[in-house]
Amino acid sequence: MSGKSKKNVLIFIVIIILILILIIFITSNKKTNLITIENSTKENTTYNSNIIKDVNYVSKDMKGNIYTIDASEGVIDLSNSNIIFLTDVRANIKLNNSKVVKITSKYGKYNTENYDTIFSKDVIINYIENQITSEYLDFSIDRNTMIISRNVIHTNDKNILEADVIEMDIQTKDTKIFMYNSKKKVNIKSKN
């Protein structure tokens, strides 16, 4: 073998070795990426559990109104830690110079920062001799409103009222009762 052909064989062997090293490097790098993806997935599932059992919040505002909320379970919203999603909700609202308003519902969404609460599914509101049932209640201290909607039925000793919405100013007690469709009318029946 001549010196030139030995040189060509040596160059060929070096090129083969470099290609093998490159292939090994690329395949080991893909395996590392797979492992990294699996680890980040495991971390996400670990942080999805923010469940609180037997939730209880009691707060008093500047006007002296007292708000108590209890639930069998609460889940903290991961995108906003001030929001808690509640299950089997019970609330008592003691407004100044007024009787206690009792509210129950299957679900709720409570804001720990401003105390606003949305009650949903099988909502029952009891106040003195009045009971209101609905599927949705938006109670806002910031707006001073209680908006009751979806299958609203208000009963007392004398009447049964059916409407789409009851809006109430919680300070003045001013109340609006209406239907979404202006062609429909609020239905009031006497119990006598």
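Some observations on this one:
- All other residues whose Cβ lies under 15 angstrom from that of I69 are scored, Lys and Arg at +1 and Asp and Glu at -1, for a net of -1.
- Beyond 32 Å in Cα-Cα separation lie the following of the pairs K53/K158; K63/K121; K121/K158; K99/K183; K106/K185: K53/K158; K99/K183.
- The range 51-190 shape via C-alpha gyration tensor axes, a/c threshold 1.5: prolate
- Sparsely packed GluC sites (Glu not before Pro) within the range 88-143, loop by DSSP, other Cβ within 10 Å at most 14: E113, E129
- Hits among aspartates and glutamates - C-alpha to C-alpha of K94 under 12 Å, sequence gap 8 or more where chains match: D61
- If the chain linking N96 and I15 were pulled fully straight, counting 0.36 nm for each residue of separation and taking away their Cα-Cα distance, it would gain 20.3 nm.
- FRET efficiency estimate (nearest 0.05) - Cβ-Cβ, E73 to I128, R0 30 angstrom: 0.50
- Karplus (6.51, -1.76, 1.60) ³J(HN,Hα), θ = phi - 60°, over the range 73-79, in Hz, Gly and Pro reported as x: 7, x, 10, 6, 5, 5, 8
Coordinate-derived values only; no laboratory data. Bear in mind the structure is a predicted one, so any value in this text is a computation, not a measurement. In this analysis, Cβ positions are derived from the backbone assuming ideal geometry, glycine residues included, and neighbour counts consider all displayed protein chains.
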